[in-house]
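The values are calculated or read from the model by the stated rules, or taken from the named source; none is laboratory data. Treat the numbers as computed from the prediction; the structure is a model and nothing was measured. So basically every Cβ, Gly included, is an ideal-geometry build from the backbone, and we count neighbours across all protein chains shown.
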Amino acid sequence: MKRFMKKIKNNLMWLLAGAVFLVSCGGDGETGIEESSRPGHLITGEIDNAEGLDAVLLMFEEKKEKVIDTVQITNGKFEFETPTKELREYILIIGEQQMPIVMFLDESSDVVEINGSYPEIGDNYTISGSEASEDVKDYLTFLTPFFAVEQELSNRLIALPPNDSVSFNAILVEWDSVSAIQKDYAINYINQKPSSPVSWLMLKELFPPGGLEFFDTTDFQYFEQVASEMRGKYPYSEYPDLIDSDLKSFRNQLDLMNQPPLAEGYGTDEGDLAPEINLPNENGQPLLLSSLKGSIVLLDFWASWCGPCRKENPNVVRLYEQYKDKGFTVYSVSLDDDRDPWLRAIEADNLSWPNHVSDLSGWQSRAAAVYNVTAIPSTFLLDAEGRIIAKNLRGAQLEQKLQEILG
């Protein structure tokens with residue numbers, strides 16, 4: 001499950017963008033711009049079956065995403081100019097395609113050419129003029145067969161009955177075999193091209209599907225290697241700092257997972273008293289989990305970037321509205337590390353209960369460590385005394401349990 005979440009998160013990361021100037025293209029593909037006077041890269045494209053569609057160019061910069069501009073494809077062609085030749089990640093979206101075209105452009109590139117056909121442009125495109133961008137294409141081509149397999153494994157995990165550890169572990173064994181192939185590909189690439197920004201993307205392949213608790217800490221060497229090599233080649237780039245931040249986060253999380261045991265009677269198994277959580281709410285005020293004693297509480301670990309979490313939210317909202325007058329409430333712990341997406345997701349998903357907390361520490365959240373949460377969504381259903389009744393109930397299973405308790 002954790003691996004599935006990582007893949008989702010990184011797929012969304014590919015859509016990050018920043019400031020770029022666009023120059024719309026004439027039908028003959030001539031730019032009229034002298035190469036010596038062009039401050040950045042020239043990106044040209046010829047896409048079959050895409051006449052009149054919008055081409056959108058994005059850029060990832062300073063940890064933010066920005067849609068720069070849109071140009072209409074005319075005579076099957078489009079053209080953009082970037083503002084700099086320094087390393088940046090660019091994302092190109094044609095029409096309503098599902099898979100974007102990801103490019104890493106740096107000082108070694110000048111003119112980049114993209115060719116393909118719509119609507120499967122994300123799968124069939126070719127790119128020239130940028131070695132790193134060609135490597136991204138090869139990487140995505142390699143990954144494509146695994147997407148359906150991982151989705152199927154994820155669906156099987158979600159459908160498992162609570163506490164079916166035998167089936168859960170069997171699925172993880174299958175997932176491990178798939179992940180091992182991807183990990184070997186990533187390590188081989190990192191060893192060959194540690195300074196490539198594509199190596200930064202591939203670091204995600206080093207995470208085991210079972211979660212951080214199964215992480216091989218000797219793999220930290222690859223994070224350190226990529227950060228060091230990229231810092232040497234691109235001293236201005238933010239990517240090494242992002243890798244260093246991830247390293248700090250992972251190490252802190254592993255330290256938290258090894259913290260001293262809880263007091264007698266408290267734990268995370270069914271029948272245990274739920275450990276206390278004291279985190280700030282949306283207004284920065286502390287909100288104790290124990291303050292909800294007397295109610296049946298769904299302790300829900302989630303995040304705005306978690307696809308399965310957002311998919312389950314409508315069901316939790318429906319059950320909250322159905323049972324809130326009978327003593328049911330929700331205590332939501334977000335593993336977001338950015339306040340704005342967290343609050344936007346609360347509003348967008350209409351999470352109407354008042355108990356939303358987060359220390360905005362992502363996977364470093366102490367609450368997640370106390371509850372041994374290594375994958376989300378993760379839930380704990382508590383009785384009126386704060387004792388754990390059940391774990392990881394979702395959909396019909398959660399509804400059935402609440403009906404048994406509250407009628």
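Worth pointing out:
- Region 54-75: number of residues that are modelled with pLDDT of 95 or more and not in a strand (DSSP E or B): 2
- Of residues in region 136-175 being surrounded by 13 or more Cβ atoms within 10 Å (Cβ to Cβ) and hydroxyl-bearing (Ser, Thr, Tyr), the one nearest to Leu206 (Cα to Cα): Tyr139
- The listed residue being of a type in the set (Lys, Arg) and under 19 Å from Leu273 (Cβ atoms), out of Arg339, Arg387: Arg387
- Filter result for Ser332 (assigned by TED's automatic domain parsing to the domain that holds Ser295 and buried (at least 19 other Cβ atoms within 10 Å of the Cβ)): yes
- In summary, Phe168 fulfils each of the numbered conditions (1) part of a helix (DSSP H, G or I); (2) at pLDDT 90 or above; (3) of a type outside the set (Gly, Ala, Ser) with the single exception of condition (2).
- Note on region 365-406: residues that are within 22 Å of Asn283 (Cβ to Cβ) and buried (at least 18 other Cβ atoms within 10 Å of the Cβ) total 3.
- A Cβ distance below 6 Å, combined with a sequence gap of six or more or placement on separate chains, defines the contacts here; from region 118-141, residues that are on the phi < 0 side of the Ramachandran plot reach residues that are among the charged types (D, E, K, R) and in a strand (DSSP E or B) in the pairs Ser128/Glu113.
- Considering Lys293, Lys391, the condition of being of a type in the set (D, E, K, R) and closer than 26 Å to Leu160 by Cβ is satisfied by Lys391 alone.
- If you go through region 105-142 and keep only what is assigned to a helix (DSSP H, G or I), of a type outside the set (A, V, I, L, M, F, W, C) and in contact with an Asp or Glu (Cβ under 9 Å, 6 or more places away or on another chain), you end up with just Thr141.
- When Arg344, Arg339 are checked against the criterion of being surrounded by fewer than 17 Cβ atoms within 10 Å (Cβ to Cβ) and in contact (Cβ under 8 Å) with a residue 24 or more places away in the chain, Arg344 stands alone in meeting it.
- Taking the criterion of being more than 21 Å from the chain's Cα centre (by Cα) and either closer than 16 Å to Asn163 by Cα or assigned to a strand (DSSP E or B) (or both), the residues of region 376-388 that qualify are Phe380, Leu381, Leu382, Arg387, Ile388.
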